[in-house]
Structure formats: structure tokens, C-alpha cells
Amino acid sequence: MSIDLHVLDHPLVEHKLTVLRNKNTPSSTFRELVTELVMLEAYEATRGLAVVDKPIETPVAPMVGKHIATPAPIIVPVLRAGLGMLDGMTKMIPTAEVGFLGMKRDEEHPTQQITYANRLPDDLSGRQCFLIDPMLATGGTLVAATHYLAERGAKDVTAINIIAAPEGIKFVEENIDPTIDFKIVVCGVDEKLNDRCYIVPGLGDAGDRLYGVI
Ligand code: URA
């Protein structure tokens, strides 16, 4: 199956991504840039957001505008690094609900992950789901996280990542549930993974850079 992959091609995104990648960028700036980048990504990621007609009156005339439909979209940050993208997403979709998935890489088997927290609504049928995680590295976390959403009936999942590796995109392509309407939005696709499954050139460990643990 070929994946619906959207790579943002915009000078502002390229500029902000370069500052983000720089190892000398401090955590405070890193966090601000992640928020700004996810807001730009949200514009692309929410193109298909369901809306309904909303009659209102402006100071000049009545009109029928648009409102985000219910049930509200759900945003799911993958802890820990996905939390850094939550602020930008909730700024863009203030009515969204938020679920949480805690997943971390198994350091002894870096291609596998351990799930340590799972707070999702029981029923996600009919909900538009946005999975947020800065790095799409091996793709294992994204496939596992999508699986948790699908188990609860989700059929419409958009992954928003900042940087992806070609290996991760291929893994997702080969392993994602084909019955799901699935899309990925990223700011950039890098060269490769290294032998520790870090993205090259990447930006290092996104969680450490967000929260200042180097
Ligand atoms: N997770 C990160 O934080 N960085 C990478 O390069 C890969 C996975």
C-alpha cells in the first residue's frame, strides 16, 4: 500500500526546522519552534476536518458559517516527546479532546517499544484522530499507536511528525492497518536511521531536547 504522505514544502518550515535541528538551540527556543511547526503542520493535517453549517449574525448581516463537527476530533500525543506538540495542536483545535499514549523504545531492542500508559476513550468510531510524535524513526511506535486507536474503532488517523526517516515510512507503509484512512504530515524526510535508530541528520533525542535532559 502506498502511504498518503504530506511533506511541508515551505521556506518558513525549512527555516524553523534548521534552527530546531541545530545542537546549540536551547530547550526554550526548541519548545517554541516545535509549537510553531506543529501549528503550520496542523493547517495541512486538518484539511479534511469535518465541519457543519453554523448560522450566525455578524454586526452587518445574518450568514451561514462553518463550525468543527461533533464528535470533536481527538489529539493523541505519544509521551514523552509528543507532549511538546500538544500546545500547538490545541491552540489550533481548542475543542479537540486529548488522549494519551505512553510508549518508549526498548533500549535493548531499539526497533521495539514498551507501552507504559494508555488513556484513550473507549469508543473512537467516527472520530478524527491526530497522533502527534516529533520523530517517525523506525515506524514501530506509529504502527503500534495506530493499532490502539483502531482497536477502539478509529477509522480516520492522521500522524503529525516533525521529521521522518525513509525506513520508518516504509515500515508504516507495509504494516499499517489497510482499512484505516491514514495520512502522515511531516516537515521533512531525512536521509536514514543510524545503528541506534536515531534519525540522521535529525535533531537528536526530541524528548531530551524539549525537556533539557542532554
Ligand atoms: N526519537 C528521537 O527522539 N530521535 C530520533 O532521532 C529517533 C527517535
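Each reported figure results from applying straightforward, stated rules to the coordinates on display, with no laboratory input. Since we're looking at a predicted model, the values are computed, not measured. Don't worry about glycine lacking a Cβ; one is built from the backbone with ideal geometry, like all the others, and counts go over all protein chains shown.
Quick look at the values:
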| quantity | calculated |
| --- | --- |
| Gaussian network model of the chain, Cα within-10 Å springs - most flexible of 72, 117, 137 | 117 |
| In degrees, nearest ten, helix 140-151 long axis to first principal axis of the chain (Cα) | 40 |
| Cα-based convex hull volume of the range 74-155 per residue, rounded to whole Å³ | 83 |
| Length-normalised contact order of the chain in % [C-alpha pairs under 8 Å, at least 6 apart] | 24 |
| 222 nm mean residue ellipticity, helices alone, for the chain (DSSP H n ≥ 4; -39,500 (n - 2.57); rounded to 500) | -9000 deg cm²/dmol |
| Positive minus negative residues near residue 71 (Lys, Arg vs Asp, Glu; Cβ under 10 Å) | -1 |
| For the range 4-211: span of alpha carbons on each principal axis (Å, largest first) | 61, 38, 27 |
| Distance between the range 17-47 and the range 174-214 - C-alpha centres, whole angstrom | 14 |
| Whichever lysines have a C-alpha closer than 23 Å to that of residue 23, once near sequence neighbours (fewer than 8 apart) are set aside | 104, 192 |
